[in-house]
Amino acid sequence: MNLFKVIICFMKIASLGNACLEFKFSREISASDSIQVISNYTGSSKEELFGLCAPRCLSDMACNAFDICIEKLQCRTIRGWTPFLTGDVSAGLCRRYQIECDDGYFYDRENKTCRKHEYCDFEGDPESSCFLSESTADEFDWTCHTGPTKSVGTGPTSAASGQYYKYIETSKIGQHERALLETTKTFQDKTYCLTMYYHMYGATTESLLIQTKKVNDAHITRWQKSGNQGNIWYQLSGVNLTLDSQTKILIEATKGSSYTGDIAIDHVKLWPFACP
Ligand SMILES: [Ca+2]
Ligand SMILES: [Ca+2]
């Protein structure tokens, strides 16, 4: 079958001064049945797409740069010419991509503008724009760091994003001691999506938790990972957090039985809508 069709849409949004957005969308159906999406953002350092499934169909895809629907096709999304998401998509499954305009800004498709969301990259200590602060209701603090951690066989060798990350240095503290980051701002009464990178490398790695806590209530664990995950940064694609003006988010790391338990996080984002 030699069916060949190309649709190219082009959008430019100058809503954020320097952070204007350019998006090229190319849909190509060939004998190999492949789809390619190419994006670039002028004046933006950020080129990440955020996956979200939606019950939509091929017919309304046309020139909407942000909806990609796939039926019986293999989806391949590329950023520039570097693949960042490859995978088979089931027949009939539609997928929508959320664009991040720049670090800390997401594309609000209803209002056709870029809007700020909460974001921490730990590039400063403290990082004034970060929505997470060191808690005092714990045994020690997270460390802001660049490059490898002090001990061999544990911790990352570099940041997941930028130069700096936060980690728990487990050489000098006791087993089961905890370091907590917590939010101090108030949230709207709705569901948010938290995404981040985490690194849990070391023979005695204990646990990393994302929790919420309402004023006088107990902590509720919304996500957790325990044990050695290898020397790699993982992307946590999203945890739904139902928040309100009285609820905090907490990120808790706990030390294991020895010094090979460094746990790191980077590039934490809070999106003001539910996860995919
Ligand atoms: Ca960083
Ligand atoms: Ca602390």
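Each value in this text was obtained by applying a stated rule to the coordinates, not by laboratory testing. Please read all numbers here as calculations on a predicted model, not as lab measurements. Cβ: placed from backbone, ideal geometry, glycine included. Neighbour counts: every protein chain shown.
Tabulated data
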{"item": "Sorted by Cβ density within 10 Å, fewest first, the residues ASP141, ASP266", "result": "ASP141, ASP266"}
{"item": "Loop-located chymotrypsin sites (Phe, Trp or Tyr not before Pro) in the range 152-187, at most 14 other Cβ atoms within 10 Å (DSSP)", "result": "none"}
{"item": "Estimated inter-spin distance, LYS225 and SER129, nm [label 7 Å along Cα→Cβ]", "result": "2.4"}
{"item": "Under 13 Å, Cβ to Cβ, from ASP141 - net charge with Lys/Arg +1 and Asp/Glu -1", "result": "-4"}
{"item": "Reference-scaled alpha-carbon Rg (2.2 N^0.38 Å with N residues) for the range 201-265", "result": "1.25"}
{"item": "Amide N of the range 210-250 lying under 16 Å from the label point, which is placed 7 angstrom from the Cα of THR157 along Cα→Cβ", "result": "230-234"}
{"item": "Euclidean distance between Cα centres, the range 252-276 to the range 157-217, Å", "result": "4"}
